[in-house]
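Report on one structure; see the data block that follows.
The values are calculated or read from the model by the stated rules, or taken from the named source; none is laboratory data. Bear in mind that the values here come from a model prediction, so they are computed numbers and not experimental data. No Cβ is skipped: glycine too gets one built from the backbone with ideal geometry, and neighbour counts run over all protein chains shown. Heads up: the accessible areas ignore ligands, DNA and RNA and are worked out on the full protein's heavy atoms, side chains in. Shrake-Rupley method; radii C 1.70, N 1.55, O 1.52, S 1.80 Å.
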Amino acid sequence: MFSLSQRFQTLGNQAITYGLFISVFIAITSWFQLQSQDADLVPSTIESIKPSLSFRTSRYYGSVNGKPKENAKITFDLETDLTPLFTWNTKQVFAYLTAEYDGKNTHNEVVFWDKIITSKDEAHLKVNGAKSKYNIWDAQDKLSGKELEFKLKWNIQPYVGPLIYGETIGSKDVLVQSAAADDDNK
Amino acid sequence: MSELLQDFQKKLIFPLDFPSQRYTERLQQITLLVGAIVASIVGLSTQSLKNLIIVYGISIAITALVVLPAYPAYTRRKLQWVQPKVVNISTESIE
C-alpha cells in the first residue's frame with residue numbers, strides 16, 4: 001500500500017474477488033427463484049401431430065450409396081407458457097420439441113422444432129399448424145412403424161452460472177405410418 | 001531523456017506514511033464489502049443485473065477516490081529517522 005500502483009492493484013484484486021462472490025450469489029439466488037416459480041412443473045399441450053414421410057436420395061438427407069432414405073416432417077399445434085423460466089438471471093430460453101423412440105439397440109432423441117425466446121413477453125408460446133424445422137431420419141433404419149414420444153424441452157441460458165436443462169410436463173405419443181399406408185389414405 | 005523519465009517515475013510513486021497505509025487498506029476492505037452487499041441487495045430487490053453492476057461500480061469508484069490519491073492527511077506522519085550525531089568527519093583522519 002506504499003505506492004500508487006500498489007494501492008491500485010490491491011483495489012483491483014479485491015474488487016474482482018468480491019465480483020466473483022457476487023456472481024456466485026446471482027447464480028444461487030436465480031436457481032432458488034426457478035424452484036419457487038415451479039419451473040420444473042410447466043405444463044404444455046402438444047396436439048394434432050401429423051407426420052409425413054418422403055424419400056430423399058441426397059447424402060445430405062441421410063442417404064447412403066444413393067439408396068433412398070425415409071425423411072420425416074411433422075405439423076403440430078403447441079401451447080405452453082414459459083414465463084416461470086424467466087428470472088433476473090435469464091438471458092434467453094431455448095425451447096425445443098423433441099421426439100424419443102427406441103432404435104434396435106439404442107434410445108434415440110431427435111429435435112423437430114425449436115425456438116429461441118429472448119424476453120418474458122414472448123414466453124407464451126402458441127403455434128397452430130406449425131411445420132417442423134428439420135428433416136429427420138433414423139441413422140440405422142427407418143422411422144415408419146416407430147412410436148415417437150413428443151416432448152417440449154427447454155434450456156435456460158443465464159447471464160451468470162451454468163446452463164439449466166429441463167422439460168415441460170405433457171407428452172404425446174404418435175405412431176409414424178409407413179409411406180405406403182400414407183399413400184393409401186390419399 | 002531516460003534520467004528525465006526516471007525522475008518522472010519517482011514523482012509518480014505518491015507514497016503514504018505507515019499508519020495511513022494500514023488505515024486505507026482496512027477502509028478499502030470495508031467499503032468494497034459493504035458495496036458488494038448493497039449492490040447484491042439492490043439488484044435482487046429490483047430484479048435487475050444492470051442495477052447491481054451500476055451500484056457495485058459506484059462503490060468501486062468511491063473506494064478508489066478515497067484510497068488511491070496521496071492526500072496531505074495520508075502523508076503527514078512521516079517516519080523520523082535518527083539524526084547522525086557526528087556531522088563532520090575529515091577525510092584526512094581516516095587515511
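Summary of computed values
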| item | result |
| --- | --- |
| Three-way shape call for chain B based on the alpha-carbon gyration tensor, with the a/c threshold at 1.5 | prolate |
| Helical mean residue ellipticity (222 nm; -39500 (n - 2.57) per DSSP H run of 4+; nearest 500) of chain A | -7500 deg cm²/dmol |
| Which listed pairs, of A:Lys69/A:Lys146; A:Lys50/A:Lys120; A:Lys91/A:Lys120; A:Lys50/A:Lys151, have C-alpha distances above 18 Å, in listed order | A:Lys50/A:Lys120 |
| Per-bin percent of Cα-Cα distances, segment A:4-185 [10 Å] | 9, 29, 25, 18, 10, 6, 3, 1, 0 |
| List of segment A:70-116 residues, accessible area with partners at least 10 Å² below that of the chain alone (1.4 Å probe) | A:Trp88 |
| Accessible surface of the protein assembly as shown [probe 1.4 Å, protein heavy atoms]: carbon and sulfur percent | 59 |
| Shielding by other protein chains, A:11-24, mean Cβ within 10 Å | 5 |
| Crossing angle, helix A:4-36 versus chain A [Cα axis fit, 0-90 degrees, rounded to tens] | 40 |
| Per residue accessible area in Å² of segment A:6-59, where ligands, DNA and RNA are left out and the probe is 1.4 Å | 62 |
| Paramagnetic reach from A:Thr83 in segment B:21-58 [backbone N under 20 Å; point 7 Å along Cα→Cβ] | B:45-49 |
| Net charge over other residues, Cβ less than 13 angstrom from the Cβ of A:Asp77 (K, R count +1; D, E count -1) | +2 |
| Interface size A-B, as summed buried accessible area [1.4 Å probe, Å², nearest 100] | 2200 |
| Helix-derived mean residue ellipticity, 222 nm - over chain B, DSSP H n ≥ 4, -39500 (n - 2.57), to 500 | -21500 deg cm²/dmol |
| Hull volume in cubic angstrom per residue (convex hull over the Cα atoms of segment A:74-132) | 94 |
